[in-house]
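Below is one structure, written out as structure tokens; comments come after it.
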Amino acid sequence: MHETPGELSRLQQLLDTSASEAGPHLRGMLGAERRLDAAALCERLQGMRLLVVATVTADGRPLAGPVDGYFLHGTFWFGSGRDSVRMRHLAARPAVTATYLPGQELSVTLHGRAELFDILDPAHDELRRAMLDFYLPTQGPDFETWLHKENPIGARIVPDKMLALAFPD
């Protein structure tokens, strides 16, 4: 896990507050048997997780699509090309929603805003490192060469709300 004790505490507070502020229908689904605590959530989100990320167009329409997400320090991070529609939307309008839904056993949704950064900047090396840890074993050193050539931009979701549901078998 990448989370410090302070980050776990803040994540737990966010999960608790988000659950308590949910509407009646969702609160009815958030029983104690379905809620994950912060530590269990972080444990389940190790490695790359395919997310669906929704941004907002200039005329207010949602636009959703997949990204490779990495759960680091209590939130999701992802990258894309600098000229991608998604990153242009987030640069202009940082409102974002992301959902990880691997099947019927788990659902994690974040609502918040995106903070953009240069993935190749050493100050933000953690996302680049997570990407390399995931892709180098399967794609080899060509992935790192491609990454530097692509000059990607990264996004960290600063969540206002986060809901996590686990459905036991």
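The values are calculated or read from the model by the stated rules, or taken from the named source; none is laboratory data. Quantities reported herein were computed from a predicted structural model and do not represent experimental measurements. Here the Cβ positions follow ideal geometry from the backbone for every residue, glycine too, while neighbour counts run over all protein chains shown.
Some points to look at:
- All positions within segment 33-53 that are surrounded by fewer than 17 Cβ atoms within 10 Å (Cβ to Cβ) and in contact with a Ser or Thr (Cβ under 7 Å, 6 or more places away or on another chain): Val52
- Filtering Gly47, Gly69, Gly81 for residues that are at pLDDT 95 or above and in contact with a strand residue (DSSP E or B) (Cβ under 8 Å, 6 or more places away or on another chain) leaves a single hit, Gly69.
- Those residues of segment 150-169 which are farther than 17 Å from Phe117 by Cα and either at pLDDT below 95 or loosely packed, with under 12 Cβ neighbours inside 10 Å (or both), in sequence order: Leu163, Ala164, Leu165, Ala166, Phe167, Pro168, Asp169
- Complete set of residues in segment 75-95 that are closer than 20 Å to Ala22 by Cα and under 10 Å from the mean Cα position of the chain (by Cα): Thr75
- Scanning segment 55-79 for residues that are assigned to a strand (DSSP E or B) and either among the acidic types (Asp, Glu) or surrounded by fewer than 17 Cβ atoms within 10 Å (Cβ to Cβ) (or both) turns up Pro62, Leu63, Ala64, Gly65, Pro66, Asp68.
Table: residues versus (1) at pLDDT 90 or above; (2) out of contact with any helix residue (DSSP H, G or I) (no Cβ under 7 Å at 6 or more places or on another chain); (3) assigned to a strand (DSSP E or B); (4) within 23 Å of Val85 (Cα to Cα).
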site	(1), (2), (3), (4)
Val96	yes, no, yes, yes
Ala130	yes, yes, no, no
Phe143	yes, no, no, yes
His148	no, yes, no, yes
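- All told, Arg82 meets the bar of being surrounded by fewer than 17 Cβ atoms within 10 Å (Cβ to Cβ), part of a loop (DSSP other than H, G, I, E, B) and in contact (Cβ under 8 Å) with a residue 12 or more places away in the chain.
- Of residues in segment 98-128 being of a type in the set (Gly, Ala, Ser) and not in a helix (DSSP H, G or I), the one farthest from Val56 (Cα to Cα): Gly103
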